[in-house]
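In what follows, a single structure is set out as structure tokens and then discussed.
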Amino acid sequence: APSVAPTAPGPAFGARWRCSGAARPLAGAGAARMQFVTMNVDSLHQMAGSDAVAEVHGSVQHFRCSSCGTRANPQLPLDAKRQPRCEGCGGRMRPDVTLFLEGLPEDQWDAACTAIGALRPGDVMLVVGTSSVVYPAAHLPSDAKRRGATIIEFNLDVPSPLSDIVDISVQGRACETLPTCVKMALGQMRME
């Protein structure tokens with residue numbers, strides 16, 4: 001099994017971790033039926049109040065034993081001086097995330113496929129900030145399109161590998177373009 005490098009987290013991890021402390025439930029999140037399929041491992045969707053989230057690459061909030069595969073949810077933050085051990089076999093616990101050459105968590109992949117399988121004409125799929133080349137998740141937008149969903153892509157790089165199948169491409173930083181589009185869709189922004 002691949003090992004986790006024994007290095008300190010980089011600046012990107014620190015920035016995402018600081019954001020996780022500021023995550024709060026979204027006002028009106030229950031107004032529409034939303035399901036999230038994410039390749040991010042930070043659990044920010046859940047911290048923002050989303051309950052239908054398929055984390056296809058796992059989560060740093062959960063751990064599993066490197067030896068026997070037992071899953072656990074240790075108290076975070078962890079003690080930096082002591083690596084958590086499996087209560088069952090004593091093996092080293094690691095974040096329950098998918099590393100290169102590992103398979104996706106079956107329960108999360110099944111949840112993602114179920115979410116896409118539930119889409120119908122009139123439903124909308126937002127594809128936000130992805131290269132669209134990491135399989136098997138990269139085929140989900142095509143599956144959604146075949147089911148009649150409208151596909152809207154938010155990406156720095158447009159055209160992207162998805163551009164031929166999407167209905168709308170929005171180029172730019174998702175942290176800027178997505179909130180603007182949501183406000184427009186909800187009628188909260190005056191058009192000038």
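Structure notes:
- Residue count for segment 129-169 under the criterion of being among the hydrophobic types (A, V, I, L, M, F, W, C), over 20 Å from residue 119 (Cβ atoms) and without any contact (Cβ under 8 Å) to a residue 40 or more places away in the chain: the result is 3.
- Residue 22 closer than 30 Å to residue 182 by Cα and at pLDDT 90 or above: no
- Complete set of residues in segment 95-128 that are more than 17 Å from residue 34 (Cβ to Cβ), among the hydrophobic types (A, V, I, L, M, F, W, C) and not in a helix (DSSP H, G or I): 97, 99, 100, 101, 104
- Scan segment 73-93 for residues that are of a type in the set (Asp, Glu) and either without any contact (Cβ under 8 Å) to a residue 12 or more places away in the chain or within 15 Å of residue 59 (Cα to Cα) (or both) and the total you get is 1.
- When residue 145 is tested against (1) surrounded by fewer than 16 Cβ atoms within 10 Å (Cβ to Cβ); (2) of a type in the set (D, E, K, R); (3) part of a helix (DSSP H, G or I), exactly one condition is not met: (1).
The values are calculated or read from the model by the stated rules, or taken from the named source; none is laboratory data. Keep in mind it's a predicted model, so treat the numbers as computed, not measured. Positions of Cβ are backbone-derived with ideal geometry, glycine not excepted, and every protein chain shown enters the neighbour counts.
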